[in-house]
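Data block below; observations after.
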Amino acid sequence: MTDLPPVAPLRAHLDAALAGAARAWLDQATDEAAAHHEEPGQGPVPSWELRFAEAGRRCGAEHADAARVVLLDAARADATTLDRLYARGTAAERRAVLLALPHLVPDAEALPLVEDALRTNDTTLVAAALGPYAAAHLAPHDWRHAVLKCLFTGVPVDAVADLARRARGDAELARMLGDFAHERTAAGRPVPGDLHRVLALTTPAPDRATGGRASEAEES
């Protein structure tokens with residue numbers, strides 16, 4: 001199983017940033033989440049899930065994402081729980097689920113949530129979907145189209161985790177970017193500045209065996 005990044009830095013940030021009442025609320029909410037034992041299909045909505053929904057009101061919009069991720073981690077939410085919260089959640093709650101994926105899901109089981117977010121026109125969900133979880137698990141074809149979606153919806157490519165590594169030497173991505181730029185120019189529309197940045201990243205890494213020149217195989 002892949003080691004997952006810890007949530008402790010997020011909690012430390014919240015402890016430093018939240019006022020007393022909000023911090024006390026988060027303490028209680030995380031205690032409830034940690035004590036909860038999932039019993040699928042039985043009983044009312046768990047109290048910690050209600051806390052998950054009200055995190056924005058309790059901690060403020062600025063800290064809601066982090067608070068929700070901390071709650072999900074305390075509850076040890078599995079892919080089934082994340083899927084349920086995503087399906088019935090608001091856009092803000094869905095964003096938090098997406099942000100929590102790299103902390104909670106070690107495999108590709110939650111990839112359908114990323115794919116769903118990438119089909120929306122909500123740029124905050126698109127940006128959240130393209131974090132480290134997508135970088136690790138999204139298929140090349142889908143990842144390339146996600147990068148293009150960032151360009152035509154105005155999502156900064158800084159939101160795309162591990163962009164440089166995944167773009168490096170990707171001739172198909174370079175072709176798609178070139179086609180997109182040509183279409184924009186032909187239509188008299190500006191080419192996004194981020195396109196040139198991503199296109200530069202597709203340059204193959206130097207091949208040491210050829211004295212720093214890319215191999216023909218990489219260029220084809």
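Miscellaneous remarks
- Flag for THR185 being open to solvent by less than 70 Å² (accessible area, probe 1.4 Å), farther than 18 Å from THR203 by Cα and hydroxyl-bearing (Ser, Thr, Tyr): no
- Taking the criterion of being of a type outside the set (A, V, I, L, M), part of a helix (DSSP H, G or I) and open to solvent by 30 Å² or more (accessible area, probe 1.4 Å), the residues of the stretch 81-108 that qualify are ASP83, ARG84, ARG88, ARG94, ARG95, HIS103.
- Boolean, ARG119 is farther than 23 Å from ALA167 by Cβ, charged (D, E, K, R) and either open to solvent by 40 Å² or more (accessible area, probe 1.4 Å) or in contact with a Phe, Trp or Tyr (Cβ under 8 Å, 6 or more places away or on another chain) (or both): no
- A single member of ARG57, ARG51, ARG76 is more than 25 Å from VAL160 (Cα to Cα) and either β-branched (Val, Ile, Thr) or outside any helix (DSSP H, G or I) (or both), and it is ARG76.
- Subset of the stretch 126-156 that is surrounded by fewer than 19 Cβ atoms within 10 Å (Cβ to Cβ), within 19 Å of PRO192 (Cβ to Cβ) and hydrophobic (A, V, I, L, M, F, W, C) - its residue that is modelled with the lowest pLDDT: PHE152
- THR123 being more than 15 Å from the chain's Cα centre (by Cα) and of a type in the set (Ser, Thr, Tyr): no
- Applying the set (1) farther than 27 Å from HIS145 by Cα; (2) in contact with a helix residue (DSSP H, G or I) (Cβ under 6 Å, 6 or more places away or on another chain) to ARG95 leaves exactly one unmet item: (1).
- Screening ASP3 on (1) farther than 17 Å from LEU72 by Cβ; (2) modelled with pLDDT under 95; (3) assigned to a helix (DSSP H, G or I) shows it passes everything except condition (3).
The values are calculated or read from the model by the stated rules, or taken from the named source; none is laboratory data. Here the structure is a predicted model, which means the values were calculated and not measured. Positions of Cβ are backbone-derived with ideal geometry, glycine not excepted, and every protein chain shown enters the neighbour counts. Remember, those area values only see protein heavy atoms, side chains included, never the ligands or the DNA or RNA. Shrake-Rupley method; radii C 1.70, N 1.55, O 1.52, S 1.80 Å.
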